[in-house]
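The values are calculated or read from the model by the stated rules, or taken from the named source; none is laboratory data. Only a predicted model underlies this, so the values are computations on that prediction, with no experimental measurement involved. Every residue, glycine as well, gets a Cβ built from its backbone with ideal geometry; the counts of neighbours run over all protein chains shown.
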C-alpha cells in the first residue's frame, strides 16, 4: 500500500502512455484530470492485488470512445461518478476499490481521479496489461466474468445501464450509445471480487507504468537514451527508428482507425491501428501483431505517441513488447488476435 | 370496463392500422402476437381513462425500430415482459396497467399481448392518437412527463435502461441501441400515474380502432364503400384515389424512410414517409402534413397499407384525418411538425 500524489502523475501518465500501445486516450488529458482531483481531494491509496480482501467489490472505470474525439471533447468531470453510482444502483452494491480497465494514457488515470473524489483505494493493475479498443477485450472475458451490468454516462447527464447476454454485446450496445452521444463516454462495468482479481487483472501495471515513466525521465536528465531505458525495464524489441511519412486516419463506428508509414535508414515499417497500434509490417513481412504491444515513442524524448497524435514528420522509434501470456492462448487470440480485427494474418511472436 | 378476446383483434388491428397512418408496425403481426397470448392466457380487461385510479402505475410498452425490419425479424416473445421487468426494477415500481404508446397496427396490439401474459388491464387510449416514428413524439413530452427510465429489450436477451436528460435523448440512445441490436427492439417507458393520463393520452383510441375496423368489415360484407365507412366515423377528407406508380424506400438510422407517387384520374399525389406518412403534396401544393393523419387504404377493401408494405400497382385511396388538437399548438408542432422532419413547409390544416 502506498500513496499516489500529484508528483507521481507525470511518470504514471508517460509510462501508461507507453504501455497503452498508442491507445487508452491522451496521457496529457489523463494527467490533468487526475491532478485536478488529487489537488482538490488529496492523494490516492494504491493497493497491490494480493492486499485486496477476497470479498472486496472492485469496479473498473474508464473512458470509452474514439481517442480522436476524446482529445477535443473533454469530460465535464461528473461522468465517472455518475457511471459508478448507476452501476452500484443497478447491481445493488457499494464499490470498495477502483481499478483501471486498461493501462493507457487516459484510462490508467481516470480511476485515480475518481478515487481521489470518492476516497476509494485503487488496485495496482489493469484488466488488459495494455490497452485494447473494445470493451470485451479484457481478461475477465477469458475468465467468464461478465461485463454487465455496464453503466455508461455521457457529458450531458445521460446514463444507461446495459445488461447484455455477452461481453461482446455489452460492447456493441455501449459503443452504439457512445456514438449517439458524441463518441466519448465513461463506463463502470465488469465488477470483480477481490478473489477474482488474479484471473481478471495483470497485477502491478500502475507501478510498472510509474517505473517506466521515471526511467524515461531519468534517462533524459542524464543525457542517456530514453528508448534503451524502456527496453531495459520492460524487455521488448526494436522494430524501427525513422520518420513518419504518411498517416491516414478516420473516425468511424466509435473508433479512430487508420495506418501510418515510418521510413528508416534502410527499411520501411507500416502500422495499422484501431485506437491502438495492432499490426506492424516491414515490406509485407509481419513483424509484430496484437496482442503484443506495439509502442511508438519519440526517438529523442521517449515520450509515447498515441494513434490520434501521430503525424507526418514525427521522428519515432517503434518497439514491440510482449503481452501478458494469457492473451496468446487460443481463447485469447480469438478475442484479440489479428484476425478478429480483420487483418489477414495469424499472431506471431515478436522477433528476437 | 370490458373484455378484449381473440374475436375482437381483427377489427382492432385493421382500425389501428388505419389510425397508424402507415406506421406502428404490421397489423397482421400485431394480431398474431395478441392472438397467441390471449389464446394461451385468456382475454384482456380494457378500462377507460376515467376508470383508472389516480395512483395507478400505467406503463406504455411498444416496439421501436424500422417497420421494414419488423416485418421480417419477428420477436421471440419475451421482449416486452423483459422490458417491463427491467423498467419496474430500475424505477422500483410495479405496473398496475399497460397502455399503447401509439395507435398502430403492431403497437396497439403489443400491450394487449403483454396484458394477457401478465394479467394486467389495458387502458383504452394511447400517447399519440396516431403513430409517430420517434419516441419523444408523445403527449407526455408536451406535458413534461419524462420517458426515462426507458427500458429496452431485444430478441437476444439483452436489456438496457436509459436515464436520459430529455425525451429526445432517450430516443437517440434507444434508437442507437436498436440499430446495434438489429433494428427492432421493445421498450417500456414514460410511466404515468392515473392522474396524469388525461394529459398524457388520447382517450378511447383502442375502442375507436375497433369501431373503425368493424365499420370497414361491415361495409365490405354489405357491398358498401369501405372508404366512406371510415370517413363517416372518423371524419377527414379524401386526398386522392389512384394507383401507386413509384415507391422509393431505404432503411436508415433505425427508420424506414422514403416516398411514393400515386396517380389518379386527374391528379398526382406524392407521399413522404419516415415510418409514418408525414407529407402529401399535389403538384407541389402541400395538401396534408404531420401531425394530421395521412392514411393510405386499399380502395377496394379499406385495408390499411403501411409504409413498408406499399408497392407499385397498389390501388389506394389516401385520406387526411385531423390529429388531436394538442399537436397543432406551437409546442406540438415544434415536436412533430413538418419542419422537425426536414420538410421545407409549415403545418397546414386539412383541406375542407
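Here are a few things to note about the model shown:
The rows are residues; the columns are (1) within 21 Å of residue A:160 (Cα to Cα); (2) surrounded by fewer than 24 Cβ atoms within 10 Å (Cβ to Cβ).
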position	(1), (2)
A:63	yes, no
A:68	no, yes
A:72	no, yes
A:104	no, no
A:107	yes, no
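- Checked against (1) in contact with a strand residue (DSSP E or B) (Cβ under 6 Å, 6 or more places away or on another chain); (2) more than 14 Å from every other protein chain (Cβ to nearest Cβ); (3) farther than 23 Å from residue A:87 by Cβ, residue B:216 passes all but a single condition, namely (1).
- Within segment B:257-272, the set of residues being in contact with a strand residue (DSSP E or B) (Cβ under 6 Å, 6 or more places away or on another chain) and assigned to a strand (DSSP E or B) comprises B:257, B:258, B:259, B:260, B:261, B:262, B:263, B:269, B:270, B:271, B:272.
- The residue list B:320, B:313, B:332, B:302 contains one member that is part of a strand (DSSP E or B) and at pLDDT 95 or above, which is B:320.
- Leading residue by the ranking (nearest to the other protein chains (Cβ to nearest Cβ)) among those in segment A:135-147 that are free of Cβ contacts under 8 Å to residues at least 60 places away in the same chain and surrounded by fewer than 24 Cβ atoms within 10 Å (Cβ to Cβ): A:146
- From the list B:114, B:109, the one residue that fits, being touching a residue at least 24 places away in the same chain (Cβ under 8 Å), out of contact with any strand residue (DSSP E or B) (no Cβ under 7 Å at 6 or more places or on another chain), more than 21 Å from residue B:199 (Cβ to Cβ) and more than 13 Å from every other protein chain (Cβ to nearest Cβ), is B:109.
- Residues of segment B:148-174 classified as over 19 Å from residue A:148 (Cβ atoms), touching a helix residue (DSSP H, G or I) at 6+ places or on another chain (Cβ under 9 Å) and more than 7 Å from every other protein chain (Cβ to nearest Cβ), total: 4
- Checklist (1) within 14 Å of another protein chain (Cβ to nearest Cβ); (2) surrounded by fewer than 24 Cβ atoms within 10 Å (Cβ to Cβ); (3) under 27 Å from residue A:278 (Cα atoms) applied to residue A:86, failing item: (3)
- Scanning segment B:36-56 for residues that are under 24 Å from residue B:138 (Cβ atoms) and either touching a strand residue (DSSP E or B) at 6+ places or on another chain (Cβ under 7 Å) or not assigned by TED's automatic domain parsing to the domain that holds residue B:148 (or both) gives B:44, B:45, B:46, B:47, B:48, B:49, B:52, B:54, B:55, B:56.
- Some residue of segment A:14-21 being within 22 Å of residue A:230 (Cα to Cα), part of a loop (DSSP other than H, G, I, E, B) and in contact (Cβ under 8 Å) with a residue 12 or more places away in the chain: yes
- All positions within segment A:120-133 that are in a loop (DSSP other than H, G, I, E, B) and surrounded by 24 or more Cβ atoms within 10 Å (Cβ to Cβ): A:127, A:128, A:129, A:130, A:131, A:132, A:133
- Of all residues in segment B:80-119, those being assigned to a helix (DSSP H, G or I) and farther than 22 Å from residue B:5 by Cα number 10.
- Looking only at segment A:180-196, and only at residues there that are crowded, with 22+ Cβ neighbours inside 10 Å and more than 30 Å from residue A:54 (Cβ to Cβ), the one that is nearest to the other protein chains (Cβ to nearest Cβ): A:180
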